[in-house]
């Protein structure tokens, strides 16, 4: 393949469906000298499916410090090394950051090979707006968890977490304590046969069954804002500004639908505001 030079290649792999991988990713893996992976057994299934015969090296949080100097030396000698995770985009709540930083320090070529990410996949179907804060895995200890929850509770963004399915009900009580005025979206088994989504107001959510396995992608919505257009002039002014901008690009009907959905307001009120602004 063209321009395939020595360096570190960060290669995204499927999060579930084995066919969710780019042609470029397959070409890079086929032309790599070595492939670093978390679990050689899981990665071997992917490589065998696409008939890729390359040396796999187990690279995970318990050995990454030890192995990083050897990998750096291999790249310096002219090797092309690919890093993959068990699923999705490497270094996002997965091993690889230590190696990445060392490559930057040594001025070694780094090449991202984009693809699937559980974060963006979940956000794309959450029905929440595009502004989000990705946290990743939450702490397991209660004191640490409470501190994180207090730090995040006032963030007026959608917040994305990775949570082991077996622990979802444990974390749910903290969500309800600190984030009760939000909605929750849970994605399970994304892109797989038993793909399931849960959407609910957090205060109404009763949790999941104890027999659910795997890893969940959980999104908490922005803080719910129930605007009172009569008493809150500041919010009315904010919505009017939003309407004015959107009317430059979209039809009246589309603007009414969009503003109503985004702010959880009756369409009639938004329609009347639009008419007022168009006069």
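Within the range 1-33, the residues that satisfy the criterion of being buried (at least 18 other Cβ atoms within 10 Å of the Cβ) and touching a helix residue (DSSP H, G or I) at 6+ places or on another chain (Cβ under 8 Å) are 8, 9, 10, 11, 12, 13, 14, 15, 21, 29. Out of everything in the range 179-195 that is closer than 20 Å to residue 145 by Cα and out of contact with any strand residue (DSSP E or B) (no Cβ under 7 Å at 6 or more places or on another chain), what residue ends up being surrounded by the fewest Cβ atoms within 10 Å (Cβ to Cβ)? Among them, the one singled out is 180.
For the range 196-210, the set of residues classified as part of a loop (DSSP other than H, G, I, E, B), exposed (fewer than 15 other Cβ atoms within 10 Å of the Cβ) and out of contact with any helix residue (DSSP H, G or I) (no Cβ under 6 Å at 6 or more places or on another chain) consists of 206, 209, 210, listed by residue number. Of all residues in the range 236-257, those satisfying the criterion of being assigned to a helix (DSSP H, G or I) and either closer than 19 Å to residue 156 by Cα or more than 31 Å from the chain's Cα centre (by Cα) (or both) are 236, 237, 238, 239, 240, 242, 244, 247, 252, 253.
Of the residues making up the range 55-66, those that are surrounded by 14 or more Cβ atoms within 10 Å (Cβ to Cβ) and touching a strand residue (DSSP E or B) at 6+ places or on another chain (Cβ under 6 Å) are 56, 57, 59. If you go through the range 191-217 and pick out every residue that is within 20 Å of the chain's Cα centre (by Cα), closer than 18 Å to residue 159 by Cα and touching a residue at least 24 places away in the same chain (Cβ under 8 Å), you end up with 6. With respect to the conditions (1) under 28 Å from residue 82 (Cα atoms); (2) surrounded by 12 or more Cβ atoms within 10 Å (Cβ to Cβ), residue 126 lacks only one, and its number is (1). Restricting attention to the range 186-195, the residues that are at pLDDT below 95 and part of a strand (DSSP E or B) total 0.
Yes or no, residue by residue, for (1) over 22 Å from residue 212 (Cβ atoms); (2) free of Cβ contacts under 8 Å to residues at least 12 places away in the same chain:
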{"residue": "106", "(1), (2)": "yes, no"}
{"residue": "114", "(1), (2)": "yes, no"}
{"residue": "123", "(1), (2)": "no, no"}
{"residue": "129", "(1), (2)": "yes, no"}
{"residue": "134", "(1), (2)": "yes, no"}
{"residue": "173", "(1), (2)": "no, yes"}
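The values are calculated or read from the model by the stated rules, or taken from the named source; none is laboratory data. What you are looking at is a predicted structure, and each value in this text was computed from that prediction instead of being measured. Using ideal geometry, Cβ is built from the backbone for each residue, glycine included, and neighbour counts are taken over all protein chains shown.
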